[in-house]
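The values are calculated or read from the model by the stated rules, or taken from the named source; none is laboratory data. The structure presented is a predicted model; accordingly, all values stated were derived computationally and were not measured. A quick note on method: Cβ atoms are made from the backbone with ideal geometry, for glycine too, and the neighbour counts reach across all protein chains shown. SASA here: full protein model, heavy atoms, side chains in, ligands and nucleic acids out. Shrake-Rupley method; radii C 1.70, N 1.55, O 1.52, S 1.80 Å.
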Amino acid sequence: MDAMNEYQRWEDSLAKINLPKWDELPNFDLYMDQVVAYVNNLIGSLDLDLVTPAMINNYVKHKAILAPIKKKYQVMHIADIIVISLLKATFPIDVIRSAMDQITLRKYPKQAYDHFVELLMARLQRKPVTDSQVKSINENLMEVAVESVITKLKAEELLRIMEKTGKPQVIKDVSKK
């Protein structure tokens with residue numbers, strides 16, 4: 001199979017990925033190992049770095065997410081961990097937290113999370129992300145964040161395919177003749 005066909009098949013596989021909206025997230029408290037398994041099951045199909053308990057503890061320590069209540073994580077925690085997991089390869093954790101705080105000043109966390117997931121799913125399915133010509137600053141921020149995730153995924157997959165199909169060739173410097 002040629003490289004572009006392989007890439008096209010990979011893009012087609014992204015279109016089948018389905019991330020849960022807020023109401024589809026577990027509506028009961030989860031322990032750390034359950035959160036890790038749940039989030040990794042979701043993001044694993046995107047070939048993103050998997051979440052570890054140490055990472056989640058670090059998010060709590062640096063106030064990227066709220067501390068669990070009696071070692072149990074609720075829907076808000078899970079939504080935050082999913083968003084951080086999607087964006088952490090592109091942005092520092094403190095920038096992600098700041099963006100989430102800014103967006104939730106104007107939208108309820110459930111609405112903001114659902115909208116982020118809708119935008120991401122639309123892009124994974126190669127659909128336009130918005131109909132509106134006039135966008136709010138929140139909308140622009142969310143779209144740019146989603147585009148950063150998509151661009152990173154695509155660049156990494158293209159590079160992986162290119163590396164697999166052949167080794168880089170040494171280019172001879174002909175200017176020294």
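Before moving on, here are some points about what is shown:
- Expressed as a whole percent, the accessible surface of the stretch 38-164 that belongs to carbon and sulfur atoms is 59, based on a 1.4 Å probe.
- If you take all other residues with their beta carbon under 12 Å from the beta carbon of Glu156, and give Lys and Arg +1 and Asp and Glu -1, the sum is -1.
- Gyration tensor (alpha-carbon) shape descriptor, the stretch 3-165, a/c threshold 1.5: oblate
- Were the residues from Lys107 through Lys70 laid out at 0.36 nm apart, the gain over their Cα-Cα distance would be 10.6 nm.
- Taking each of Lys16/Lys110; Lys88/Lys127; Lys21/Lys152; Lys127/Lys164 in turn, the alpha-carbon distance tops 26 angstrom for Lys127/Lys164.
- Probing with 1.4 Å while keeping every protein chain in the model, the per residue accessible area of the chain equals 63 Å².
- For the stretch 3-165, the dipole from Cβ point charges (+1 on Lys and Arg, -1 on Asp and Glu) about the Cα centre works out to 340 debye, to the nearest 20.
- Shape of the stretch 7-91, Cα gyration tensor, a/c cut at 1.5: prolate
- Taking the chain and dividing mean pair separation by its residue count, relative contact order in percent (alpha carbons under 8 Å, at least six apart): 28
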